Structure formats: structure tokens, C-alpha cells
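The values are calculated or read from the model by the stated rules, or taken from the named source; none is laboratory data. Note that this is a predicted model, so its numbers are computed, not measured. Positions of Cβ are backbone-derived with ideal geometry, glycine not excepted, and every protein chain shown enters the neighbour counts.
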Amino acid sequence: MSIRIKYEVAPEFKEFDSWISHLHSDFSNSGETIFKLRNEVKVFKVGNHQLNVKAFKVPNLINRLVYVYFRGSKAERSYRYARNFLSLGIETPMAVGFAECTENGLLTKSYYVSLHLSYNYTLREVLDFKVELRDEILRQWVLFTYEKLHKNGIFHLDYSPGNTLITKENGLYHFSVVDLNRMTFGHIDFNKGLSNFCRLGVDPSTLRLIGREYALLRGENPEKAAKMIVDIYHKGGTNLFRFGQVKDTIIRILRSGRDEK
């Protein structure tokens with residue numbers, strides 16, 4: 001059996017070069033698991049730093065080939081997209097590196113490494129009415145989405161509530177985007193931009209608030225947008241929306257069970 005480890009470390013984090021090169025052999029028996037469902041996320045203390053490592057599940061047979069020779073693994077894409085985000089001034093945890101293990105030319109496991117980010121809450125808590133000034137935070141988040149993502153031609157394909165981390169500093173809200181391995185790039189028109197909000201798992205009144213705010217930013221009719229965003233949920237966006245809703249419900253149940261232990 002031919003096993004090969006490929007890895008890359010950001011130039012400013014070369015101190016972690018050796019650690020990342022051995023990550024595949026060390027991941028299973030060290031670190032603290034903070035999330036485990038389809039993929040697993042662990043926190044490691046390395047020197048004076050806390051590192052987050054996301055280990056992606058073994059892909060299907062076709063993707064084990066595709067991710068090596070044609071597209072790049074989810075870990076590699078997460079790393080490169082995060083570097084791109086940071087270069088554009090879009091907040092995301094600092095990208096440290098990635099590692100991949102292949103056996104006989106096929107990908108088995110891949111790992112994305114970033115600096116651990118402390119935050120106050122995710123967008124999920126805001127949408128669930130667990131945070132004060134809910135509507136104001138949502139309006140600022142819509143502005144962030146338009147100014148930072150859509151204006152830069154970035155369409156996050158998994159823009160669900162758990163993938164926006166929120167920190168409040170000096171009265172200002174900072175939004176940090178995670179789970180970056182699935183993106184498309186290119187011009188985002190108004191309709192496509194509206195559809196990016198349809199994985200939130202929220203009620204129609206919240207969708208209408210988001211639609212109106214997005215329309216005002218883009219010089220469109222707010223009431224028309226409020227109707228459109230709900231229509232997207234009921235029509236073309238329903239499959240993505242419902243998948244995201246089910247996924248978030250499962251995550252909520254698992255997390256609540258863990259918290260009760």
C-alpha cells in the first residue's frame with residue numbers, strides 16, 4: 001500500500017510545519033473534539049496557540065479520485081478560500097494550513113487547520129431569539145453579506161446559521177464566515193443574491209425582513225423583494241432550504257444532548 005501525505009502551511013505559520021505534517025497520524029488520539037457529525041472538529045493546544053482542525057469524512061470513491069487529480073480536497077479548498085477571504089478583508093478564522101492523506105493515489109482523509117476563534121454566538125442564536133437586538137443584528141449581517149460577499153462575487157453554497165460566527169466589540173458586530181469549502185464565484189444579480197438567504201430555516205416574517213433589507217441595499221423594491229424571497233423558499237430554493245433546515249435541526253439536537261451531559 002502506497003501512502004502519501006501532502007500538506008501546506010501558510011508562510012506566517014511555518015512554526016507549525018512539522019506538526020501539520022504529522023497531523024494524520026496524531027489526529028485520532030489527541031486534541032479535544034468540539035463537534036462531530038459528518039465531519040469532526042477538534043481543538044489542539046500547540047505552543048502558545050489554539051488550533052482548530054476540521055477532519056473531513058472519507059469521500060465517495062469517485063471524489064477520492066477527483067479531489068486528488070482534478071478539483072482539490074475540501075480541506076485544500078477551505079484553506080485557499082480562507083486565504084482569499086482574508087486578502088479581501090472578509091473575516092474568517094486565520095488559515096494555518098491543510099493536510100491530505102492518499103492511499104494508492106486515492107484520497108482518504110483531509111484536514112483543514114485554522115486558528116481557534118473565540119466568538120459570542122452564531123447566527124443561529126440570533127435567529128432563535130436568544131440574543132437582544134435581533135433585527136438590528138440581522139440588518140447588519142445582510143449588509144455584511146452584500147458588501148463583503150456578493151460585491152466580491154462570492155456565493156457561499158452552505159450559508160446556514162451555524163456558519164456565521166458573531167463577535168461584539170465596542171458596540172459593533174463582527175461577522176466571521178466558516179465552512180468555506182463550497183463556494184461559487186462570479187457576478188451575483190439581485191435574484192441570485194436573495195436566494196443565498198434561503199438556508200436559514202426561519203419563518204416567513206424573518207425572510208421578509210431580510211428581503212426588504214437586501215432590496216434597499218441594491219436599490220430594488222423592498223416589498224417586491226419580501227414576496228420574492230418567500231417565493232424562492234416555496235419554489236426553487238426549497239430543496240436547499242429544507243436540507244439546511246433539517247441539517248441545523250439535527251445539529252441543535254446533538255448539541256443540546258451534549259450540553260445536558
message: Can you say whether I166 is closer than 12 Å to T122 by Cα, buried (at least 19 other Cβ atoms within 10 Å of the Cβ), in contact with a Leu (Cβ under 9 Å, 6 or more places away or on another chain) and of a type in the set (A, V, I, L, M, F, W, C), as far as the supplied structure shows?
response: yes
task: Using the structure shown, decide if S78 is surrounded by 16 or more Cβ atoms within 10 Å (Cβ to Cβ), outside the structural domain of R182 (by TED's automatic domain parsing) and polar (S, T, N, Q).
output: yes
- request: Could you list all residues from the range 38-51 that are closer than 13 Å to I20 by Cβ and within 19 Å of the chain's Cα centre (by Cα)?
  value: L51
- prompt: Which of the residues belonging to the range 214-243 are charged (D, E, K, R) and either at pLDDT below 95 or closer than 16 Å to D189 by Cα (or both)?
  reply: R218, E220, K224, D231, K235, R242
message: Anything in the range 160-192 that is among the hydroxyl-bearing types (S, T, Y) and modelled with pLDDT under 95? List them, or say none.
response: S160
task: Would you be able to say whether some residue in the range 31-50 is touching a residue at least 60 places away in the same chain (Cβ under 8 Å) and closer than 27 Å to L149 by Cα?
output: no
task: Give, as residue ranges, the helices (runs of 4 or more DSSP H) completely inside the range 113-218 that count at least 2 residues that are under 21 Å from V41 (Cβ atoms).
output: 123-127
message: For F35, only one of the following conditions fails: (1) at pLDDT below 95; (2) over 21 Å from T167 (Cβ atoms); (3) among the aromatic types (F, W, Y). What is its number?
response: (2)
